[in-house]
Amino acid sequence: MTTSDIDESVRAELNQLRQSIDNIDAAVVHMLAERFKCTQQVGHLKAAHHLPPADPDRESRQIARLRQLAESAHLDPAFAEKLLNFIVAEVIRHHERIADESANGTGVAGA
Ligand SMILES: C=C(O[C@@H]1C=C(C(=O)O)C=C[C@H]1O)C(=O)O
């Protein structure tokens, strides 16, 4: 059975749910883009002041907070932690690159 064989009322409900999913996915992308704009600025600030790209203490506090938020939202806390770790790992890669560019004089100030 494929989605083209299903009953009309089921199809309508599926389409409605998928529209909401698409809106949520769009919101997630926009929120992530805003988050990365902030973390890029943090990366430049750190590079300018010779601070390390990663801050494990800050990450521990974020994980504890996010796990609590996930629990109260009925989201699996382990999933929330994995998602944060995935995002933070990417941020740290950006910060390492910004620090390298800053050290080599190849970075664009403030970019
Ligand atoms: C953004 C920062 O840099 C890194 C990335 C973090 C994040 O994406 O939330 C948190 C801690 C740091 O390891 C920061 O130090 O605040």
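The values are calculated or read from the model by the stated rules, or taken from the named source; none is laboratory data. Owing to the predicted nature of the structure, the values given are computational and were not obtained by experimental measurement. Cβ: placed from backbone, ideal geometry, glycine included. Neighbour counts: every protein chain shown. Ligands, DNA and RNA are excluded from the accessible area calculation, which covers all protein heavy atoms including side chains. Shrake-Rupley method; radii C 1.70, N 1.55, O 1.52, S 1.80 Å.
Using protein chains only and a probe of 1.4 angstrom, how many square angstrom of T106 are accessible, to the nearest 10?
In the full protein context, T106 sits at about 90 Å².
Please arrange R11, R18 by accessible surface area, largest first, computed with a 1.4 Å probe and ligands excluded. Don't jump to the answer; show the numbers that get you there.
Working: R11 65, R18 110 Å².
The most accessible residue leads, giving R18, R11.
Please list V29, V88 from largest to smallest accessible area, probe radius 1.4 Å, with all protein chains kept in place.
V29, V88
What is the helix-to-structure angle for 8-48, meaning the angle in degrees between its Cα long axis and the longest Cα principal axis of the chain, kept from 0 to 90 and rounded to the nearest 10?
0
Against the empirical 2.2 N^0.38 Å scaling, what ratio does the C-alpha Rg of region 67-106 come to?
Output field value: 1.73.
Given R₀ = 25 Å, FRET efficiency for R67-F36 by Cβ-Cβ distance, to 0.05?
After rounding to 0.05, the efficiency reads 0.65.
Over all directions, the average projected area of the alpha-carbon convex hull for region 42-90 comes to how many nm²?
Numbers: hull surface 14.2 nm².
Quarter of the Cα hull surface area: 3.5 nm².
Which percent of the accessible heavy-atom area of the chain goes to carbon and sulfur, probe 1.4 angstrom?
58
Please compute P(r) over all alpha-carbon pairs of region 8-104, binned at 10 Å starting from zero, and give each bin as a whole-number percent.
For region 8-104, the pair-distance distribution reads 14, 32, 29, 16, 7, 2, 0.
Points 7 angstrom from Cα along the Cβ direction at R93 and I21: gap in nanometres?
For R93 paired with I21, the spin-label model returns 2.6 nm.
Leaving ligands, DNA and RNA out of it, rank L69, L14 by accessible area with a 1.4 Å probe, largest first.
L69, L14
Rolling a 1.4 Å sphere over the protein heavy atoms, what is the accessible area per residue of the chain, to the nearest Å²?
That works out to 77 Å² for each residue.
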